[in-house]
Amino acid sequence: MTESYTSFMMDHAAGNHVGALEIAGDMHMLLNPAGAETAWLWSVVGGAMLEQQPEPTQTSPRKALPRKSSRVAESARELLEMADSSLKWKRGISGISYATTGTSGAKFMKLQPGQSAPAHGHGGLEATVVLAGQFTDGHGVYTRGDLVLGEPGKRHKPAAVGDETCICFVAETSNPLWNLFR
């Protein structure tokens with residue numbers, strides 16, 4: 001478990017992710033029992049920390065952790081169902097196929113066996129959840145349910161591994177200034 005994964009899952013359990021990143025965390029939990037256990041553990045730790053807080057006073061109001069909406073969990077399930085059905089794939093200039101999700105900052109990516117994307121980095125956080133097949137990014141090999149985090153400045157080169165088509169859900173935070181230089 002890496003420090004960035006721990007941090008991501010801690011934020012996910014606390015309800016700090018929004019939009020595409022929240023859905024990526026939910027998908028990881030739905031597909032990977034270890035991911036669900038990690039999120040549960042961090043929510044228990046967060047609850048215990050809240051219990052240790054002094055009783056609220058008028059000068060220091062007690063803050064509750066934000067609650068995750070059930071709408072997002074349903075969105076993750078709906079997107080998983082979309083990935084299992086016929087998506088409208090479009091080939092990008094790199095040759096990689098993408099499909100839209102209807103969620104800002106999120107897309108599906110499809111890599112054919114042996115196919116790779118060009119080496120690249122990101123200006124914001126990228127969370128990739130493997131839905132089918134497996135891929136490598138030069139830092140490890142990932143299979144169904146795995147959550148792969150690409151931090152700003154970290155370069156990677158996604159490539160499908162094995163004989164099966166690799167389909168992933170990719171969520172990104174936007175960084176408008178970085179987008180000027182892409």
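Taken together, the values in this text are just the output of simple stated rules run on the coordinates, not laboratory data. These numbers come from a predicted model, not from an experiment.
Here is how the numbers come out for the structure above:
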read-out	value
Stokes-Einstein diffusion coefficient of segment 86-179, Kirkwood radius over Cα pairs, 37 °C, 0.692 mPa s, in µm²/s	246
Above-threshold pairs, the threshold being 19 Å between Cα atoms, out of Lys88/Lys154; Lys107/Lys157; Lys110/Lys154	Lys88/Lys154; Lys110/Lys154
Length gained when the stretch Lys154-Asp11 is fully extended (0.36 nm per residue, less Cα-Cα span)	49.4 nm
